[in-house]
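What follows is a set of notes on a single structure, which appears directly below.
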Amino acid sequence: MSVLSLAILLLFRGFTFSAEGNCEVCVDFLYRLYGSLTSAHRELTPSLVEEELIHACTAAHGKEARLCYYLGASSDAATRVTASVSQPLASHVPVEKICQRLSSRDTQICQLRYEPPLKNLSSDGLKKMRVLELRNILASWGEECRGCLEKHEFVSLIQEKAPLHAPSMEL
């Protein structure tokens, strides 16, 4: 009976990885890193990849900064598993495979998802949002509404800052 339950557990674990998707933040970030490395350097070494990873993580924001924290490439990270990225990337292992291996060590890596893009920043669209959602929009832009108490203050600040941060958005 225990062998059957173990087989079902292993089968379920395989399905959960494929159901979680393709580790979108990890794959996207490492794919861009690999592209910049291969365009700038002829040969890749693990030390070069690790150095570029740390450099890319200093400029990362949002979910990518969280990924860098999990990888240990940020300055405030408690552990350091950058070798798990730099070694395979220097050997030209596919990014999807690297992220899959990383997720077996830390499942949070593949649980990271990008926030859905904003579609409607019109006054009516913003008025339908909760204050927490409005604060999150401002935080994702690196803005803060100091002294805002009412919802309309958040809405007006977002409409004021939208041309700077989301120029193609519909207002």
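The values are calculated or read from the model by the stated rules, or taken from the named source; none is laboratory data. Everything numeric in this text was worked out from a predicted model, so none of it was measured. Neighbour counts are summed over all protein chains in view; Cβ atoms, including those assigned to glycine, are modelled from backbone coordinates with ideal geometry. We work out accessible area using only protein heavy atoms, side chains counted, and drop any ligands, DNA or RNA first. Shrake-Rupley method; radii C 1.70, N 1.55, O 1.52, S 1.80 Å.
Here are the numbers for this structure:
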item	result
Residue list for segment 110-146, restricted to those being assigned to a helix (DSSP H, G or I), free of Cβ contacts under 8 Å to residues at least 40 places away in the same chain, open to solvent by less than 100 Å² (accessible area, probe 1.4 Å) and closer than 23 Å to R66 by Cβ	E133, L134, N136, I137, L138, A139, W141
Residue match in segment 90-112 (condition: closer than 30 Å to L149 by Cα and among the aliphatic types (A, V, I, L, M))	no
In segment 61-89, the residues that are aliphatic (A, V, I, L, M) and buried (at least 19 other Cβ atoms within 10 Å of the Cβ)	L67, L71, A73, V85, L89
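For (1) surrounded by fewer than 14 Cβ atoms within 10 Å (Cβ to Cβ); (2) modelled with pLDDT of 90 or more; (3) in contact with a helix residue (DSSP H, G or I) (Cβ under 8 Å, 6 or more places away or on another chain), each residue gets a yes or a no:
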residue: S2; (1), (2), (3): yes, no, no
residue: L11; (1), (2), (3): yes, no, no
residue: F17; (1), (2), (3): no, no, yes
residue: Y34; (1), (2), (3): no, yes, yes
residue: L37; (1), (2), (3): no, yes, yes
residue: S47; (1), (2), (3): yes, yes, yes
